[in-house]
Amino acid sequence: MNDMDRGKGFSAAAVRAFSEGSGKADKPAKLNPMAQQIADQYRRDTMSPVLASGTLRLVEFGVLAVSGIILCAAYVGLTSQLLLHYLGITLFTSAVTVIALEMSDAYEISTLMRPARYVTRMFVVWSTAFAIVMVAGFFLKISSAYSRFWFGAWYLSGFALLVGLRIVTAHFFRKWARNGRMERRAVIVGGGKAAEVLIRSIEQQPYNDIRICGIFDDRDDKRSPPIVAGYPKLGTIAELIEFARIARIDMLIVSLPLTAESRVLSLLKKLWILPVDIRLSAHSNQLRFRPRAYSYIGSVPMLDIFDKPINDWDSVTKRIFDIVFSLIGIIVFSPIMIITAIAIKLDSKGPVLFKQKRHGFNNEEIDVYKFRSMYADKTDAMAKNVVTKNDPRVTRVGRFIRKTSIDELPQFFNALFGSLSLVGPRPHAVAAQSHNKLFNDVVDGYFARHRVKPGVTGWAQINGWRGEIDSDDKIKKRTEFDLYYIENWSLLFDLKILFLTPVRLINTENAY
């Protein structure tokens, strides 16, 4: 249980092991009317509680620091020789306060929704931060050089601002929780008595941010009642996968005992392809692991099986990365794109750009743009027939821009506007095939590639797995490299792939 003990979900190797022998992907299941209605209700994205509380950390640091600087400017003046020292003390005290609040769990959602109960904790933290500065000033024999009025005024006003900000935050957090704008949406996998006990336990947690959207279970109504603790059973596990494609679900909670090992593994082999957190309820299990093996919903223990990749602040960082480098790419390559557009127009009739439906994040269909490289009347929007060497459908200009990957440059705009990321698994056309079989029929766990946003370039491409797919092994290798990227993502990894891409594209052996 090493991976569970670390509390970080299973490793990449474990993920690949789960996919082995999992069988071919199930065909999309049709949802019953109730499940479809509920899925449509949850189509809209929510505000992440993690991002909301993280933003509050930055806001509180800013408010405390700015209040101290304003008081310094008003009383001490901006011409003081110690101005930079005052600024340093202000930033240091504000940072220590936020760090101490974090260490005392003052940014937990349940805490933020009940500020009146934690005023004493905030007072102790704020006072401790000031005490540290006072003690440091005493031992350095510099305390007499600083304004006591400024110090006292900032102490009182800063604490008042801190409490006031928490009261305002609690109001909005409670409002957003009521109207569903800020919540974690969960689905219970498995019904019966165990699911009922789990649901009751979650509901008893005060101010928790979990909204249970329904229950899915493969068992019939005799073994798994249609209504559990007031929540309907919406369908089977195959239908759950389709439900999670439509609804913005954050978490799947498997309510099965660890003793049902074969059934748990069978479920995980089907569910791990979804871009959600997967937790195994440990509430009613007699087997106990080390405390750090668990995560908690309130006081309800969960075993972390899979974590949603590139989530919360990681997703914000990656989006900023995409915007910045997409703009740089558009500026740098704009002369090449203009020349290419003119060449395409002169070479053959038809539009300059070619639009193709491809699989995006969570299997959603997206429009991906490329420079047109085929004759307009021979384009294959569904990509049923792969492009081969000396393909008669490809124009003279098309051969060159495909060899050099210039045809992919318009995808900088896809990345800028958010349908693609700059780095990620390359998106395949929705009807892409290998030997007349769809890719998901060839590769077990193929759709796990779509747990993150697809990319303009990717780990598989810079390792040589690009161009024509004329064998099952090629799509299997692409998928293997894509899954490695997902499980090992970091900003440095993205930078490495991005800067290696031009170098690796020099090898045009497989590009037709």
Study note, to complete from the structure: Expected output for the range 102-124 (first residue over 14 Å from LEU162 (Cβ atoms) and not assigned by TED's automatic domain parsing to the domain that holds ALA160, partner surrounded by fewer than 18 Cβ atoms within 10 Å (Cβ to Cβ) and small (Gly, Ala, Ser), Cβ below 7 Å, 6+ apart or cross-chain) is none
Exercise for review: Output yes when any residue across the range 52-66 is of a type in the set (Lys, Arg), in a helix (DSSP H, G or I) and modelled with pLDDT of 85 or more, and no when none is.
Suggested key: yes
**Study point:** Extreme residue, surrounded by the most Cβ atoms within 10 Å (Cβ to Cβ), among residues of the range 259-279 that are of a type outside the set (A, V, I, L, M, F, W, C), touching a residue at least 40 places away in the same chain (Cβ under 8 Å) and in a helix (DSSP H, G or I)
**Key:** LYS270
Exercise for review: Taking only the range 182-203 into account, find how many residues are among the basic types (Lys, Arg) and closer than 16 Å to ASP277 by Cβ.
Suggested key: 2
Exercise for review: Please enumerate the residues belonging to the range 352-380 that are under 30 Å from PRO309 (Cα atoms) and part of a loop (DSSP other than H, G, I, E, B).
Suggested key: GLY360, GLU364
**Study point:** Some residue of the range 105-114 being under 20 Å from MET134 (Cβ atoms) and of a type in the set (Ser, Thr, Tyr)
**Key:** no
**Study point:** One residue from ALA177, ALA160 being in contact (Cβ under 8 Å) with a residue 40 or more places away in the chain, surrounded by fewer than 23 Cβ atoms within 10 Å (Cβ to Cβ) and within 30 Å of VAL63 (Cα to Cα)
**Key:** ALA177
Point to revise | LYS349 in a loop (DSSP other than H, G, I, E, B) and either of a type in the set (A, V, I, L, M) or more than 25 Å from the chain's Cα centre (by Cα) (or both) | key: yes
Practice item. Sort out which residues of the range 318-354 are closer than 18 Å to LYS453 by Cβ and either in contact (Cβ under 8 Å) with a residue 40 or more places away in the chain or not assigned by TED's automatic domain parsing to the domain that holds ASP494 (or both), and write them in order of number. Key: LYS318, ARG319, PHE321, ASP322, ILE323, PHE325, SER326, LEU327, GLY329
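The values are calculated or read from the model by the stated rules, or taken from the named source; none is laboratory data. Given the structure is predicted, the values throughout are model-derived calculations rather than measurements. Backbone-built Cβ (ideal geometry, glycine too); neighbour counts: all protein chains shown.
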